[in-house]
Each structure stands twice: as structure tokens, then as C-alpha cells.
Amino acid sequence: PRARQVMAPTYSSEHPPKSHELYAASKVIADKCFEQNLAFFRCKDAHDHPAKCLDEGKEVHACVHETLGLIHKKASAEFTSYANCLDAYSLKMDMCRTKQLIFEAAFFSAGS
């Protein structure tokens, strides 16, 4: 039998990532988007009105979407397996630890 091809989803404002996908990607997003998140939180600390930080928020969103694309480029099947496990177990990460380790090993060993 032929292996099923896993297609990377296309994320947009109309089709944002689901919570289980964000949970599965959280460690990678934290690493890849650290500077953008830091700038956003610094902006929020400096201003009382949220509208003053829209540009920084857009940078965070752009980084997250770019990172999700990179995840699907480097380890799509492993990511999907891990994300689906989190979905099935109500985001209980301890139930999906093995799939998490497989995903992270595949992602971080794939190089740039």
C-alpha cells in the first residue's frame, strides 16, 4: 500500500491554527518567535491602549504562521501525529510525550 501523503494546512486569518496545533508547536514557537513576543510584551507594558501595539502583534502572528509552515516543511507527519494525539487527549501533554519526542527529534534534526 502507498503511504498517505500528509498535506500541510494553509493557515490564515480565516483559517487559524487550532488549539491542539498551537499546543503541539508551542516549544518551537517559543524558540523561533521569542524576540517578536518580547517586543509585543514590552510594548504592552509601555502603553495603556492595546491599539498602540498592533504592529508588534502582527509581527508575532507572522512569526507563528511562518514557524508553522517551517514545522510542516521539516516534520509534517510527526507534527500531525503529535497534534492529533493532543486533540484526542484534551491537550494533556503527558499522554502524548512519546509523540512529542518523535516530533521534536524530527524537527530539530532536519536542519535549516
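Quick look at the values:
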| read-out | value |
| --- | --- |
| Added length on full extension, which subtracts the Cα-Cα distance from 0.36 nm per residue, Ser26 to Lys73 | 15.3 nm |
| Relative contact order of the range 52-112, defined on C-alpha pairs under 8 angstrom at six or more residues apart (%) | 33 |
| Ser81 accessible area, assembled protein chains, probe 1.4 Å, Å² | 50 |
| Label-point separation, Met95 to Asp45 (7 Å along Cα→Cβ), nm | 3.7 |
| Ser19-Asp55 FRET efficiency (beta carbon distance; Förster radius 25 Å; 0.05 resolution) | 0.45 |
| Two-decimal ratio, the range 21-112, of alpha-carbon radius of gyration to 2.2 N^0.38 Å | 1.23 |
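The values are calculated or read from the model by the stated rules, or taken from the named source; none is laboratory data. None of the values given here were measured: they were computed from a predicted structure. Positions of Cβ are generated from backbone atoms using ideal geometry, with glycine treated the same way; all protein chains shown enter the neighbour counts. Accessible surface is based on the protein model in full, side chains and every heavy atom, while ligands, DNA and RNA are left aside. Shrake-Rupley method; radii C 1.70, N 1.55, O 1.52, S 1.80 Å.
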